[in-house]
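See below for the structure under consideration.
The values are calculated or read from the model by the stated rules, or taken from the named source; none is laboratory data. Predicted model only: the values in this text are computed from it and were never measured. A quick note on method: Cβ atoms are made from the backbone with ideal geometry, for glycine too, and the neighbour counts reach across all protein chains shown.
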Amino acid sequence: MTANELRSILHGGERVVLGTCIVSPSPKWPPILRNCDLDFVFIDTEHIALNRETVSWMCRTYTAMGIPPLVRIPTQNPDDATGVLDDGAAGVIVPYVEKPEVVRQMAGATKLRPLKGERVRRALDGETLEPELRDYIDDHNSDHILLTNIESVPAMENLDQILEEQGLDCALIGPHDLSTSLGVPEQYDHPKFLEACAFILGKARAAGIGAGIHHWLPPEKQVQFVEMGANLLIHKADAIFLSEGLQTQLREIRELLGQEDQTGDAGQVTI
């Protein structure tokens, strides 16, 4: 899948696209993931310590495999957005957006490149570009995807204005921060959390853009978000699959050997 195809699916909603969070920068990982039938990968530089060079080779490797990489940047700085696009990202995920002005600035960074400074500010304010420049800008940025994290009560209050911003391709729920902002931290079955998810996902789809969530719930729980309107799911992460699989099989080995389980409950890994 190309970035352009992914972007088209997000807006069209003809099917649900599925990806996972990639924590490991190991070069052994891409060949393993090649056969996992991923539509995209999510690379998080907000909470995971990955330097720019590492992110760049990850992006270019997954792109070459036909798996568009979506990169969450650590700030709302447009320079961070242009940086990861220069490094090969198919899409930029902006963290903890609560105001439409942030989306507008990020749209300038991702959809009006290489305009900068005063020129991009004037374009964002509605100044008409010369026809030749307009064609160049549209072609240059046709495969850039802009996603915004919606993960707080203020973001929900401003959601209509956020979704009206030109250039936005997908609203993505951050469940941990959203549940915390709602006052029900990590209570993912709580009515307040589920109602908020339905509100965000429904609003995004009604606006004609993608609606997504990154969660680590089991598959039967993930389906509920699709029923609410989601057409993008980031399912767990490589670290979570490793932790769950290793814990389960070591426990099984100890049981077969008649050994008491000494590992204890390490708890759920979250990203």
Identity of the residue in region 149-186, touching a residue at least 24 places away in the same chain (Cβ under 8 Å) and of a type in the set (Gly, Ala, Ser), that ends up nearest to Leu217 (Cα to Cα): Gly174
Tell me whether region 238-260 contains one or more residues that are small (Gly, Ala, Ser) and either within 18 Å of Asp39 (Cβ to Cβ) or surrounded by 18 or more Cβ atoms within 10 Å (Cβ to Cβ) (or both). no
Within region 2-18, the residues that are out of contact with any Lys or Arg (no Cβ under 8 Å at 6 or more places or on another chain) and within 18 Å of Arg205 (Cβ to Cβ) are Leu6, Arg7, Ser8, Leu10, His11, Gly12, Glu14, Arg15, Val16, Val17, Leu18
If His214 satisfies all but one of (1) surrounded by fewer than 20 Cβ atoms within 10 Å (Cβ to Cβ); (2) touching a Phe, Trp or Tyr at 6+ places or on another chain (Cβ under 9 Å), what's the number of the condition it fails? (1)
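Quick grid of which residues meet (1) out of contact with any Gly (no Cβ under 7 Å at 6 or more places or on another chain); (2) within 19 Å of Gly167 (Cα to Cα); (3) not hydroxyl-bearing (Ser, Thr, Tyr):
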position: Glu5; (1), (2), (3): yes, yes, yes
position: Thr54; (1), (2), (3): yes, no, no
position: Thr63; (1), (2), (3): no, no, no
position: Arg72; (1), (2), (3): yes, yes, yes
position: Ala89; (1), (2), (3): yes, yes, yes
Scan of region 6-56 for residues that are among the hydroxyl-bearing types (Ser, Thr, Tyr) and under 13 Å from His214 (Cβ atoms), ordered by number: Thr20
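Could you please let me know if Glu132 is crowded, with 19+ Cβ neighbours inside 10 Å and out of contact with any strand residue (DSSP E or B) (no Cβ under 8 Å at 6 or more places or on another chain)?
For Glu132, the condition - crowded, with 19+ Cβ neighbours inside 10 Å and out of contact with any strand residue (DSSP E or B) (no Cβ under 8 Å at 6 or more places or on another chain) - is not met.
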Residues of region 197-227 satisfying the condition of being free of Cβ contacts under 8 Å to residues at least 40 places away in the same chain and over 22 Å from Leu146 (Cβ atoms): Ala198, Leu217, Pro218, Pro219, Glu220, Lys221, Gln222, Val223, Gln224, Glu227
Flag if Glu98 is in contact (Cβ under 8 Å) with a residue 12 or more places away in the chain, under 20 Å from Ile200 (Cβ atoms) and surrounded by fewer than 19 Cβ atoms within 10 Å (Cβ to Cβ): no
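Which fully enclosed helices (runs of 4 or more DSSP H) of region 110-158 have 2 or more residues being closer than 21 Å to Pro74 by Cβ and modelled with pLDDT of 95 or more? Full working, then the answer.
On the way: elements: 117-124, 131-140, 153-157.
Where helices (runs of 4 or more DSSP H) fall fully within region 110-158 and carry at least 2 residues being closer than 21 Å to Pro74 by Cβ and modelled with pLDDT of 95 or more, they are 153-157.
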In this structure, does Leu38 turn out to be under 27 Å from Glu101 (Cβ atoms), crowded, with 21+ Cβ neighbours inside 10 Å and not β-branched (Val, Ile, Thr)? no
